[in-house]
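Step one of this worksheet: look at the structure below.
The values are calculated or read from the model by the stated rules, or taken from the named source; none is laboratory data. Keep in mind that what you see is a predicted model, and the values were worked out from it rather than measured. Methodologically, a virtual Cβ is constructed for each residue, glycine included, from the backbone with ideal geometry; neighbour enumeration extends over all protein chains shown.
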Amino acid sequence: TYVYLNGDWIAPEHAKVSVFDRGFLFADGIYEVVPVYQGRPFLAEHHLARLDRSLAALAIPNHGDPFWYGLIEQLLARNAISDGLIYFQVTRGAETQRSHLPLGTLTPTVFASVSPLAVHWGVPTPAKVTLCEDIRWLRCDIKSISLLGNIMLKQHAQAQGAMEPLLFRGDHITEGASSNYFAVKDGALYTAPTDHLILPGITRMWVIELARQLGLPVYEQPFRVSELTQLDELFLTSSSREVQPIGQIDDIMIGQGQCGKITEQLVQAFHESKRKHCSS
Ligand code: PMP
C-alpha cells in the first residue's frame, strides 16, 4: 500500500513528519474522511466543501478541489481499493521553533491514505449508547485533529459496554463522539441543527435528503434529554457506519430494543442510494 505525504507516494512505514510539525505540537490541523464504494468516492463534493470550511476557519490554505480529486484518483489506483475510507489530513506545517502563533508563512503538511472497508447491505444489529455530558470545545463544526474530548468520551462509552457516547449540553442532545443522531417520535425525525456544537455530518445531510424523499418530516431541532424516555426510535449516522440503529440508551430500552420501522426504511434507502451511485 501507498500513502501520500507532501507530494510523495510512499510505504506507510516510511511516512514521517517533523516533530516540529504543528499537527504534532498543537494539533493545529484538520482532517476529512470520504467513503468509497466500488472505486468511486461517495458525496465527495460535500466532503471537500467541509474540508474547505475547516481549513478556512483556521486560515490554512487549501490546495483546491482539483488537487483533492486527483489525490482520490491516485489513492484508489495505487492501492487497488474498491470499497473503503479515504483519510485526508492537513496541518499548518512545521517551523523549527515552538510558538503558539506561527512565526512565518508555512507550507501545510498534507497526508492522505485509504483503507479498505467492506460495504454492508443488511440491517445492522441495534447498538447501545451511553448518555454523557459533552465535554468538548465550542467549535465542534471544525473537523479538527484535536480529538481529546472525543477519545475520552469514547473510552468512557467502551467501559460502559456502549458503541458510542450520546452527548448532551444542558437539556440538548448534540451528537455522538464520531456520529450524528436522529431521534424518531410520532413518525417525525429530530436531529440537532448544524451550529458550532456539532460536526455537520455528510451522512446526516444525506439521510435528511433521503427522509424528505420518503415524505418523512425532519426537524433540525435538538432532541431533549428530558424527552429521551419518549422517543420511538434512535439511530446514528456516520461515513463509516452509515445508518446505525440504536436499541438501548444506558439501561433504557428503546421499544423492544429492535431496529425501528423508520430506521429500517432509511437503512434501505441508504443502501439503494449506494447501489445507484455504484451503477451510475
Ligand atoms: N460527528 C462527529 C464528531 C464526527 O467525528 C463524525 C465523523 N466521524 C460525524 C459526526 C459524522 O460525520 P460524517 O457523516 O460526515 O462521517
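Annotations for the structure displayed:
- Identity of the residue in segment 194-212, part of a helix (DSSP H, G or I) and near the ligand (Cβ under 6 Å from one of its atoms), that ends up nearest to R53 (Cα to Cα): I202
- With a requirement of 1 or more residues that are under 24 Å from the mean Cα position of the chain (by Cα), the strands (runs of 3 or more DSSP E) lying completely within segment 1-49 that satisfy it span 3-5, 29-37.
- Checking R98, R40, R92, R78 one by one, the residue that is of a type in the set (K, R) and surrounded by 16 or more Cβ atoms within 10 Å (Cβ to Cβ) is R92 and no other.
- Any hit, segment 136-147, residues being within 15 Å of the chain's Cα centre (by Cα), outside the structural domain of G23 (by TED's automatic domain parsing), over 24 Å from R22 (Cα atoms) and modelled with pLDDT of 95 or more: no
- Scope segment 124-170; condition in contact with a Pro (Cβ under 6 Å, 6 or more places away or on another chain) and assigned to a strand (DSSP E or B); matching residues: T130, C132
- From the options Y37, Y69, Y4, Y31, residue that is closer than 23 Å to G201 by Cα and in contact with a strand residue (DSSP E or B) (Cβ under 7 Å, 6 or more places away or on another chain): Y31
- Filter result for D83 (away from the ligand (no atom under 14 Å from the Cβ), at pLDDT 95 or above and within 26 Å of L210 (Cα to Cα)): yes
- Residue count for segment 10-41 satisfying the condition of being in contact with a Phe, Trp or Tyr (Cβ under 8 Å, 6 or more places away or on another chain) and more than 12 Å from F111 (Cβ to Cβ): 6.
- Criterion violated by E220 - all others in (1) over 27 Å from Y87 (Cβ atoms); (2) more than 16 Å from the ligand (Cβ to nearest atom) satisfied: (2)
- L228 vs. criteria hydrophobic (A, V, I, L, M, F, W, C) and in a loop (DSSP other than H, G, I, E, B): no
A quick yes/no check of all residues on (1) crowded, with 19+ Cβ neighbours inside 10 Å; (2) of a type in the set (G, A, S):
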site: H156; (1), (2): no, no
site: A162; (1), (2): yes, yes
site: T174; (1), (2): yes, no
site: S178; (1), (2): yes, yes
site: Y181; (1), (2): yes, no
site: D186; (1), (2): no, no
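- In segment 174-190, of all residues being outside any strand (DSSP E or B) and under 17 Å from R139 (Cβ atoms), the one that is nearest to the ligand (Cβ to nearest atom) corresponds to S178.
- Taking every residue in segment 118-144 that is without any contact (Cβ under 8 Å) to a residue 60 or more places away in the chain and pairing it with any residue that is assigned to a strand (DSSP E or B) and among the polar types (S, T, N, Q), at least 6 positions away or on another chain, the pairs with Cβ-Cβ distances below 8 Å are C140/T174.
- Residue within segment 238-252 that is outside any helix (DSSP H, G or I), at pLDDT 95 or above, on the phi > 0 side of the Ramachandran plot and surrounded by fewer than 21 Cβ atoms within 10 Å (Cβ to Cβ) present: yes
- Those residues of segment 88-123 which are within 18 Å of the chain's Cα centre (by Cα) and not in a strand (DSSP E or B), in sequence order: L117, A118, V119, H120
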